[in-house]
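Notes to accompany the following structure.
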Amino acid sequence: MTLGLGRTRSVALTGLDGTLVDVEAHIAAGLPAFTVGGLPDTACAQAPDRVRAAAHTAGAPVPPHRVTVNLSPASVPKRGSAFDLGIAVAVLAAAGVLPRRAVEDVVHLGELSLDGRLRGVRGVLPAVLAAARRGERHVVVPDENVAEAQLVGDVVVHGARSLEQVIGWYRDAAGGGSLPVAERRVPDGGGAGPGVDLADVVGQPEARAALELAATGGHHLLMTGPPGVGKTMLAERLVTILPPLGREEALEVHAVRSLVAPVGDVTELDRTPPFVAPHHSTSVAALAGGGSGVVLPGAVSRAHHGVLFLDEAPEFRSSVLQTLRQPLESGEVVIARARQLVRYPARFLLVLAANPCPCGMAFGKGADCTCDSRDIRSYTSRLSGPLLDRVDLRVHVPPVRRAAFAEETGESSATVAERVFAARGAQAERWSPAGWRVNGLVPGHVLRRPPYRLPGSTTVALDTALDAGRLTLRGYDRVLRLAWSSADLAGRAVPTRDDVATGLVLRRAEGVAA
């Protein structure tokens, strides 16, 4: 057995951003010791115990000498047990058990058990994506993570069940062989879909129209109404009329999911936009992301490219709701810690649902409401003005009457989705050169200046509302965005007075909230 230096690769994650790590192992004469440097956390620093036991079980014990492992760059924090396999391979290469040249350009991810088995780890998808973007072409992952790693193109995935198997592969490679490629397990296609349909909703034409506008232009939506009128049903069906995700968008969504889902849960590239509905008792960290030690993505990031639904929105704590303001504007969450700054994507479509009062019956017939005016004011004020100012659409969802049962079945999700898809195409053609995809992301000053500025005869009602103080400038811009979305749905190249009126009506709560 020769002693010296061994080197291989792994990946350190900071949020979704991955840093390629050189795992360097040096074995020198001296008293037996095994140390790991390079800012390892507790789990990573415990790797020597797991590696020693696993290597002994695999029939290739770590030499009883001084073993020093460095995870470079040393300034980047290393978290978790995914470095176990890389450390073991680098140490065995330094010991001469494995061919040093063969392991240098391979990325290794996986946790070792004491009997040498490889355990799956979280975060394999963003780690493999980061490795691929930096030119790496071979990754070895636990068998549980093979399907997840195969979602990344241009990377050869090798799935292993144990350290002993990996040692056998490299010994064969030294004789002119190559690492066996894992069998393809995942077809590149969509998922099964949400299993609900907009045709299930009885009545509610105004709410359905608002839902279609929200899907068309990426407009945030607030629905108010008494309990049992269908607010939750409508919100759940919003994803059924959104366009399917592109490949890159789906990879972003699944990369976030890979950090929080059970190991092995990410196995298919589902193109359906995510739908996330946290409970009203959720914390700031659970909604926006955070945590002690490891900074994990919250609900806003899990809803990236999809829908975030807050049912009973006034029941959420004010501090929780206020954390939505920054990601609604920037499309990302920035979480600062003493040693790092973690960014997670958060470009979601927000849907809020609220009762008109604590008992929920204030806007029914009125006789059943048990709340006094002070209770109602306190309840409605929980949705602050700055938050509501970022919501484009506000609709009241009234109780359904028996006469609605006799009406023909409402349009299906597929029918509405066709119109939304066509309208999205018109927006892409208009805004793609400037880097925007939907009307809801276009800055207001762009719509107020040529060539997109509408004539005064078209915006007369909007201008009057602004001059009278019934509309803020931000609200003015959001009505313009709604007008463009209304025109796109109707197939018009430029909004008309009716489109502006539609946007103004669907934001009629502006004067109350401002």
(message) Among the listed residues Arg79, Arg122, Arg171, Arg100, identify the single one that is in contact with a strand residue (DSSP E or B) (Cβ under 7 Å, 6 or more places away or on another chain), open to solvent by 10 Å² or more (accessible area, probe 1.4 Å) and in contact (Cβ under 8 Å) with a residue 12 or more places away in the chain.
(response) Arg100
(message) For region 238-265, which positions are open to solvent by 20 Å² or more (accessible area, probe 1.4 Å) and not aliphatic (A, V, I, L, M)?
(response) Thr240, Pro243, Pro244, Gly246, Arg247, Glu248, Glu249, Glu252, Arg257, Pro262, Gly264, Asp265
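Going through region 59-76 one residue at a time, which ones are of a type in the set (A, V, I, L, M) and either under 36 Å from the mean Cα position of the chain (by Cα) or open to solvent by 10 Å² or more (accessible area, probe 1.4 Å) (or both)?
Initially, region 59-76 is screened for residues of a type in the set (A, V, I, L, M), giving 60, 62, 67, 69, 71, 74, 76.
Val62, Val69, Leu71, Ala74, Val76 - these are the residues of region 59-76 that are of a type in the set (A, V, I, L, M) and either under 36 Å from the mean Cα position of the chain (by Cα) or open to solvent by 10 Å² or more (accessible area, probe 1.4 Å) (or both).
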(request) Go through (1) assigned to a strand (DSSP E or B); (2) over 21 Å from Gly96 (Cβ atoms); (3) open to solvent by 20 Å² or more (accessible area, probe 1.4 Å); (4) in contact with a Phe, Trp or Tyr (Cβ under 9 Å, 6 or more places away or on another chain) one by one and return the number of the condition Asp49 breaks. (result) (1)
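Here's the yes/no breakdown for (1) open to solvent by less than 60 Å² (accessible area, probe 1.4 Å); (2) of a type in the set (A, V, I, L, M, F, W, C):
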residue: Ala423; (1), (2): yes, yes
residue: Asn439; (1), (2): yes, no
residue: Val442; (1), (2): yes, yes
residue: Arg449; (1), (2): no, no
residue: Thr459; (1), (2): yes, no
residue: Gly469; (1), (2): yes, no
residue: Arg481; (1), (2): yes, no
residue: Ala493; (1), (2): no, yes
(request) Starting from region 455-481, take each residue that is at pLDDT below 90 and list its partners that are part of a helix (DSSP H, G or I), counting only C-beta distances under 6 angstrom and pairs at least six apart or across chains. (result) Arg470/Gly511; Leu471/Ala465; Leu471/Glu510; Gly475/Glu510
(request) Of the numbered conditions (1) touching a residue at least 24 places away in the same chain (Cβ under 8 Å); (2) closer than 27 Å to Arg347 by Cβ; (3) open to solvent by 20 Å² or more (accessible area, probe 1.4 Å), His396 fails exactly one; give the number of that condition. (result) (2)
(request) Taking only region 24-54 into account, find how many residues are within 22 Å of Arg117 (Cβ to Cβ), in contact with a Lys or Arg (Cβ under 6 Å, 6 or more places away or on another chain) and of a type in the set (A, V, I, L, M). (result) 0
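For (1) over 38 Å from the mean Cα position of the chain (by Cα); (2) assigned to a strand (DSSP E or B); (3) among the β-branched types (Val, Ile, Thr), each residue gets a yes or a no:
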| position | (1), (2), (3) |
| --- | --- |
| Arg7 | no, yes, no |
| Asp22 | no, yes, no |
| Ala25 | no, yes, no |
| Val36 | no, yes, yes |
| Ala88 | no, no, no |
| Val97 | yes, no, yes |
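I'd like to check something: does region 185-199 contain any residue that is aliphatic (A, V, I, L, M), within 30 Å of Val397 (Cβ to Cβ), modelled with pLDDT of 85 or more and open to solvent by 20 Å² or more (accessible area, probe 1.4 Å)?
Of region 185-199, the ones aliphatic (A, V, I, L, M) are 186, 192, 196, 198-199.
Still in the running and within 30 Å of Val397 (Cβ to Cβ): 192, 196, 198-199.
Keeping just the survivors that are modelled with pLDDT of 85 or more gives 196, 198-199.
Going one step further and asking which of them are open to solvent by 20 Å² or more (accessible area, probe 1.4 Å), we end up with 196, 199.
Yes; the residues of region 185-199 include at least one that is aliphatic (A, V, I, L, M), within 30 Å of Val397 (Cβ to Cβ), modelled with pLDDT of 85 or more and open to solvent by 20 Å² or more (accessible area, probe 1.4 Å).
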(request) Return a yes/no flag: does region 66-84 have any residue that is in a loop (DSSP other than H, G, I, E, B), out of contact with any helix residue (DSSP H, G or I) (no Cβ under 9 Å at 6 or more places or on another chain) and among the hydroxyl-bearing types (Ser, Thr, Tyr). (result) yes
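For region 287-319, give me the residue count where each residue is more than 24 Å from Ala82 (Cβ to Cβ) and either buried (at least 18 other Cβ atoms within 10 Å of the Cβ) or within 19 Å of the chain's Cα centre (by Cα) (or both).
Of all residues in region 287-319, those more than 24 Å from Ala82 (Cβ to Cβ) come to 287-288, 299-300, 303, 305-319.
Add one more test, that the residue is either buried (at least 18 other Cβ atoms within 10 Å of the Cβ) or within 19 Å of the chain's Cα centre (by Cα) (or both), and what stays is 287-288, 299-300, 303, 305-311, 313-314, 316.
Matching residues across region 287-319 total 15.
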(message) Let me spell it out: the conditions are (1) surrounded by fewer than 21 Cβ atoms within 10 Å (Cβ to Cβ); (2) closer than 21 Å to Leu118 by Cα, and Val21 meets all of them except one. Which number is the exception?
(response) (1)
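The values are calculated or read from the model by the stated rules, or taken from the named source; none is laboratory data. Source: prediction; values computed, not measured. Cβ sites come from the backbone with ideal geometry, for glycine too, and all protein chains shown count toward neighbours. We work out accessible area using only protein heavy atoms, side chains counted, and drop any ligands, DNA or RNA first. Shrake-Rupley method; radii C 1.70, N 1.55, O 1.52, S 1.80 Å.
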